Amino acid sequence: MNLYAIRAIYLFELARTWRTLLQSIATPVISTSLYFVVFGSAIGSSMAQVHGVSYGAFIVPGLIMLALLTESISNASFGIYMPRYAGTIYEVLSAPISPLEIVIGYVGAAATKSVILGVVILLTARLFVDFEIAHPVWMLAYLLLTAFTFSLFGFIVGLWADGWEKLQVVPALIVTPLTFLGGAFYSISMLPELWQTITLFNPVVYLISAFRWTFYGVADVNVALSFAMTGVFLVACLAVVSWMFRTGYRLKN
């Protein structure tokens, strides 16, 4: 394992965060704060508790997951797309570093940035609502698992995209709508029975449900199933990345 190469890629990608601090950290935090003001204060004040939890506290896991998914994909996809766009990816590919080490460097940095953002949003939420974390170890573990999984997915998007516009297609037009429809701001038990069944085909439901369970011990779907589906998606992403490096898809042409 070439730890020096991994460290070089990892630190270079993290350094980009501090150069774009306003976009990387401040903008998502401000956007999340507005959600708390609008949903938590304005709407939440007129709503009863959801599963025994105040509405303002109930939406905290959903807001963190919304930011985590979009930022993980965006950070990782931009991180690998830039070397392709600038042509420096060939220097990385010709260096004495394996595909696994390349993935660890880029994906690890993207996941780290997403986890930092998630923690910042969690601390910001304390300024607006009171909440408790029932399973802090599981919360941190699932936060790391989700960040790494979707950073890996973002890495795939960055290799697949052949233009700047495509980098925003998945996070903006797919992940964000699925998150809004996946129980980020409500419990799916509040929906009519037909729509509850339809919602179960939304994979983001399982992510938000499991993450909310780590906070309050309540979930819309089976927690073990949620963890299992996240693990399956992680394995699928690893398989796709392996195929991309093996065939040179969008890397060597």
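The table below lists the values:
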| quantity | calculated |
| --- | --- |
| Neighbour cut-off at most 15 other Cβ (10 Å), DSSP loop, trypsin sites (Lys or Arg not before Pro), the range 202-253 | LYS252 |
| Electrostatic dipole magnitude of the range 3-247 [Cβ: Lys, Arg +1; Asp, Glu -1; Cα centre; debye, to 20] | 360 debye |
| Gain on full stretching of the segment that runs from TRP18 to LEU238 - 0.36 nm per residue minus C-alpha separation | 76.4 nm |
| The chain - mean residue ellipticity at 222 nm from DSSP helices (-39,500 (n - 2.57) per run, n ≥ 4, rounded to 500) | -22000 deg cm²/dmol |
| MET190-GLN49 pseudo-label distance in nm [points 7 Å out on the Cα-to-Cβ vector] | 1.6 nm |
| Hull shadow area, averaged, the range 103-209 [alpha-carbon convex hull, nm²] | 8.4 nm² |
| Reference-scaled alpha-carbon Rg (2.2 N^0.38 Å with N residues) for the range 3-247 | 1.04 |
| 5 angstrom amide H check on VAL50, placed H, neighbours 5+ away | TYR55 |
| Within the chain, longest stretch clear of exposed chymotrypsin sites (Phe, Trp or Tyr not before Pro) (DSSP loop, no more than 15 other Cβ within 10 Å) | 1-200 |
| Rg ratio (alpha-carbon, reference 2.2 N^0.38 Å) - the range 68-144 | 1.45 |
| Computed E for LEU123/ILE174 - FRET, C-beta separation, R0 41 angstrom, nearest 0.05 | 0.90 |
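A short reminder: the numbers here are calculations on the coordinates, not readings from a lab. The shown structure was predicted, so the numbers you read here are calculated from the model rather than taken from an experiment. Cβ atoms come from the backbone with ideal geometry, glycine included; neighbour counts cover every protein chain shown.
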